[in-house]
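Data block below; observations after.
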């Protein structure tokens, strides 16, 4: 067994009952692994939107300022404090998923020492994570921790969208914020599986990125003819299901209206619209404003939250097993992530970095590598 | 067989490709009933919101003006014309449900002549309706056509809400515009069945009406403490399902937020909110503006359209049969409707009446009795 580290850093986020947001780096003692435990030196953890939800809550990152002794303090809007009820005054660890190297192990897991592994362990924005060997997946020999840092949330979410489409009787998909890492995975999955996909992006640059990847239907919401182009693409694919990462504004409503426009004319008109059920699942909040639903698309529609955890529960073990196998097999192709920057763990508390990676926009994805600035 | 009428009036609504709304009274020939057909003299047809959807479409009734030769012309907003695609230039009959007296019948239905019957026949805003005997339900001897005019849409919708609650695993309900005829039925159903019901009304007067009926939880959205009172009532009942007749504005969102507030505290906080799924079904559009969903209640939520026809399909024949029996048995109690005014068929094209009954508010419900002004 190599020399055991004595302590390691771990990032904590607390929202106080007074509405303060406190971000702190704490130093924790590292226990010896026992039994089948492994100690993972974290070397790559992506900054996902779900991590920002824990890190910042409803606080505006512009309110964050350094405090004496280290860390940052910010402010949560007063009206949002009650919504945070269940996390008030708790110092929460951050970082859902990541990868690293096993640096120590209990007697039943010694074969893993030295191996690069990936895990959805929580508290990944830490120098070290002590977990059971059953919780880690060894990476193939040619994969680095950075290659394997984001093998759970985005890949499984993207695959779950296609599986949900099948399970709920739809035949094609609409996806928003489609130039994201997740969106690019979805383009590759749908291309491989022959599933119709309408990609909604917000700039000509993002549109070009997806077209290069082989996306057939890319619609730019920044263009004045967006709604007409969207209706054409929806009609061409027959999509009646959408996954929306934006949340706020009229986008979900625009998609439902496009779906309704693309239905076949009804001989016997009713005030209830087409018989086609149209579904939008909101799985993100790049725009945290209200979802504005215009209801000009009849009565057969639904807009609701979408959570990977719940989708996994609905889809069942066999489907999930198939999804996991595919993720590992296509780790460097379909499910490759790209990052705008890699930073150290301490750098996550640099206000300039924080302002950048907390922008809820695609194309600024960061990777944290605690080994970069480890003592 | 009594003397057969030769012709009868029937109201028609047309939206033209140019965006004009044309309301006309046409005179139609009445065919002899054959086989098992019955000819019903319409004597009572309610003006339901769903009828206004056919009559006016998206037109503002204030644009309606009398035209030479009879009838009214109005204007549909230009942006709404494409949504009306499937009804353009069709002269649609109006009036979903109603009751009357059988005045003639084919040889296989002669036993019904003279009987008061109710039907969901469409085109009920007419002097006469020729339908198959299987489509009508004879009313009990002590029930007038007015008593039996509205035995389908409101009673079946109200019952379907409680059945949907059971089918989808909820245990209590929230209802908006709760002082409506439908809302009053729901109060009586829930009281009889021991189902928790939160009634949202928009005035102190409506609140008093429901309290008199025996409603336990009545919350007035015009009061400044509405959201706190709503959260209390939701917590007291455990409601996680709502039926919303209002549609526009923040009401659906307020209800979801109240449901989330009333969930038990979670020991392990996640950014996804409580594990409780919260559902709002929008079944009406008293406010035709956009539904504004603030998304401050985690990820387990859904807002969607609700249509009686589809609910009936989901609930299945046995449940529907039970619902129908109850409606007829409780016609004068649970399912009694009250009307602000009864008008003749021609009166429906009087601009002053139209302005009044097309107000999408509770308490101004009209009944049409074509026999009042029949030639």
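Since every read-out is calculated from the coordinates, none of them should be taken as a lab result. Values in this document were obtained by computation on a predicted structure and should not be read as measured data. FYI the Cβ positions are ideal-geometry reconstructions off the backbone, even for glycines, and counts take in every protein chain you see.
Among B:29, A:168, sorting on how many other beta-carbon atoms sit within 10 Å of each Cβ, with the fewest leading, yields B:29, A:168. A Förster radius of 45 Å, combined with the Cβ-Cβ distance separating residue B:89 from residue A:222, puts the computed FRET efficiency at roughly 0.80.
For the listed peptides B:95-104, A:63-72, A:173-182, a ranking on the average number of other beta carbons within 10 Å per residue, highest first, reads A:173-182, B:95-104, A:63-72.
Seen against the Cα atoms of chain A and their longest principal axis, helix A:181-193 is set at about 60 degrees.
Relative contact order (percent) for region A:73-144, with alpha-carbon contacts under 8 angstrom and 6 or more residues of separation?
Details: 76 pairs, mean separation 19.9, N = 72.
Relative contact order comes out at 28 percent.
When the Cα convex hull of the protein assembly as shown is projected onto planes of every orientation, the mean area is 35.7 nm². Once the Cα atoms of helix A:204-213 and of chain A are each reduced to a long axis, what angle between those two axes, in degrees from 0 to 90 to the nearest 10, is obtained? Orientation of helix A:204-213: about 80 degrees from the principal axis.
With the alpha-carbon atoms of region A:61-176 aligned to their principal axes, the span from lowest to highest coordinate is 49, 49, 24 Å, starting with the largest. Once the Cβ-Cβ distance of residue A:356 and residue A:166 is raised to the sixth power relative to R0 = 35 Å, the FRET efficiency obtained is 0.40. Placing a label point 7 Å from the Cα of residue A:115 along the Cα-to-Cβ direction, the distances to the matching points in the other copies come to 7.8 nm, shortest first.
How big is the antiparallel share of DSSP beta bridges in chain B, given as a percent to the nearest 5?
Details: 38 of 65 bridges.
Approximately 60 percent, going by the DSSP bridge assignments.
Work out how much length residue B:336 to residue B:318 would gain on full extension: take 0.36 nm times their residue separation and subtract the Cα-Cα distance, in nm to one decimal.
Numbers: separation 18, 0.36 × 18 = 6.48 nm, distance 2.39 nm.
Going from the current span to full extension adds 4.1 nm.
By DSSP, the beta bridges lying fully in the protein assembly as shown are antiparallel in about 60 percent of cases. Across all C-alpha atoms in region B:88-240, the radius of gyration and Dmax reach 19.8, 64 Å. Between helix A:153-167 and chain A there is an angle of about 30 degrees, using the helix long axis and the longest principal axis of the Cα atoms. Pairs of C-alpha atoms in region B:201-324 farther apart than 17 Å represent 64 percent of all such pairs.
Peptide B:274-287 is shielded by partner chain Cβ atoms: per residue, an average of 2 of them sit within 10 Å of its Cβ.
Counting alpha carbon pairs within less than 8 Å and at least 6 residues apart, what relative contact order, in whole percent, applies to chain B? Provide the component values of the computation, followed by the final result.
Values: 812 pairs, mean separation 62.3, N = 375.
Value for chain B: 17 percent.
Among B:251, B:241, sorting on how many other beta-carbon atoms sit within 10 Å of each Cβ, with the fewest leading, yields B:241, B:251. Between residue B:250 and residue A:111, the simple label model (points 7 Å from Cα in the Cβ direction) yields a spacing of 5.9 nm. Label-point spacing for residue B:355 across the identical copies (point 7 Å from Cα in the Cβ direction), in nm and ascending order: 5.7. Across all Cα atoms of chain A, the radius of gyration (one decimal) and Dmax (whole number) stand at 22.1, 78 Å. For residue B:7 and residue B:205, the FRET efficiency from 1/(1 + (r/R0)^6), where r spans their Cβ atoms and R0 equals 56 Å, is about 0.80.
Got the relative contact order for region B:150-203 handy, in percent, Cα pairs under 8 Å and 6 or more residues apart?
Details: 52 pairs, mean separation 20.9, N = 54.
Across region B:150-203, relative contact order equals 39 percent.
Computed on the Cα atoms alone, the convex hull of region B:178-267 gives a volume of 94 cubic angstrom per residue. Counting partner chain Cβ atoms within 10 Å of every residue's Cβ in A:83-96, what's the average? For peptide A:83-96, the averaged partner shielding equals 3. Region B:56-126 and region A:218-239 have Cα centres lying 36 Å from one another.
Taking a quarter of the surface of the convex hull around the Cα atoms of region B:106-150, what do you get in nm²? Mind dumping the intermediate values first?
Details: hull surface 13.6 nm².
For region B:106-150, the mean projected area of the Cα convex hull comes to 3.4 nm².
Within 10 Å of each Cβ of A:294-301, how many other protein chain Cβ atoms are there on average?
On the way: counts 6, 10, 7, 2, 3, 12, 5, 4.
So the per-residue partner count for this stretch is 6.
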